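Below you'll find the structure, written out as structure tokens, and then a few comments.
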């Protein structure tokens, strides 16, 4: 299996962590960001959007990070990362979609503002507003986790992976966060997993 994408991309990190949870061997190839290549014809032939990640699993090419996570979970971790029960799987799916449609915007403002913008060019008003708004959104997941250790129930599923990647940034960034005990406990459980520690808990650049 080949995985194209730079290691500091949160979308690539989702796929690397999933692959590790599945026990897969793979080759990761640096593409995107400072490495470039994602605008080249050979890459656009695989992924017409020109973004990362892209995976090639024996000739099957998949792009869009959450789609990659679902594919790997369904093929290589059915019954664990990919719940067999449709109801439990729908919970995992919902929180994957929530990461993209609800929490990603504010987290993007905070991350890009504090990590990828020079201090003298930061819009601190926009960053502070995003922190306040995003804290309220994380509180929704905190409430959901009040009676369960993982988003879809008693064990790790694909539903934990996208939001789990963003949770590391939420807790690692130098911001004033509301105290969300269930969210913190969930993050700390994720942090015990080798793939999370290796691919997610890295220096943010």
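Calculated from DSSP H runs of 4 or more alone, at -39500 (n - 2.57) each and per residue, what is the 222 nm mean residue ellipticity of the chain, nearest 500?
Theoretical 222 nm ellipticity from helices: -16000 deg cm²/dmol.
Please list, in order, the residues from the range 33-51 whose amide nitrogen is less than 20 Å from a point placed 7 Å along the Cα→Cβ vector of residue 118.
34
Give me the distance in nm between label points sitting 7 Å out from Cα along the Cα-to-Cβ direction at residue 128 and residue 39, one decimal.
3.7
Could you work out how far the C-alpha centroid of the range 125-177 sits from that of the range 8-49, in angstrom?
Cα centroid to Cα centroid, the span is 24 Å.
Could you tell me which of rounded, prolate or oblate describes the chain, using a ≥ b ≥ c as the square roots of the eigenvalues of the alpha-carbon gyration tensor, with rounded for a/c under 1.5 and, failing that, prolate when a/b is larger than b/c and oblate otherwise?
oblate
For residue 64, project a label point 7 Å along Cα to C-beta. Then give me every residue of the range 1-41 with its amide nitrogen under 16 Å of that point.
Once the point is set 7 Å along Cα→Cβ of residue 64, 11-12, 15 turn out to lie under 16 Å by backbone N, inside the range 1-41.
Any idea how far apart residue 174 and residue 46 come out in nm if each label point goes 7 Å out from Cα toward Cβ?
Spacing of the two 7 Å Cα→Cβ label points: 3.7 nm.
Indicate the gyration tensor shape class of the range 86-198 (rounded, prolate or oblate), computed on the Cα atoms with a ≥ b ≥ c the square roots of the eigenvalues: a/c under 1.5 is rounded; otherwise a/b larger than b/c is prolate and the rest oblate.
It comes out prolate by the Cα gyration axes.
With a 10 Å Cβ neighbour count serving as the proxy for reagent exposure, in which order, fewest first, do 129, 91 appear? Intermediate results must be reported in sequence, preceding the final value.
On the way: 129 14, 91 19.
Lowest count first: 129, 91.
Please work out how much length the chain gains when fully extended from residue 1 to residue 85, using 0.36 nm per residue of separation minus the C-alpha to C-alpha distance, in nm with one decimal. Kindly include the intermediate steps, with their values, before the conclusion.
Numbers: separation 84, 0.36 × 84 = 30.24 nm, distance 2.78 nm.
Working it through step by step, the gained length comes to 27.5 nm.
How big is the range 2-76 by the Kirkwood estimate over distinct Cα pairs, in Å?
Details: mean 1/r = 0.0827 Å⁻¹.
Evaluated over the range 2-76, this radius sits at 12.1 Å.
By how many nm would the segment from residue 56 to residue 100 lengthen if fully extended, with 0.36 nm per residue of separation less the alpha-carbon distance? Display every interim value, and only then the final one.
On the way: separation 44, 0.36 × 44 = 15.84 nm, distance 2.30 nm.
Net length gain for the segment: 13.5 nm.
FYI, it's all coordinate maths here, none of it is from the lab. Note that this is a predicted model, so its numbers are computed, not measured. So basically every Cβ, Gly included, is an ideal-geometry build from the backbone, and we count neighbours across all protein chains shown.
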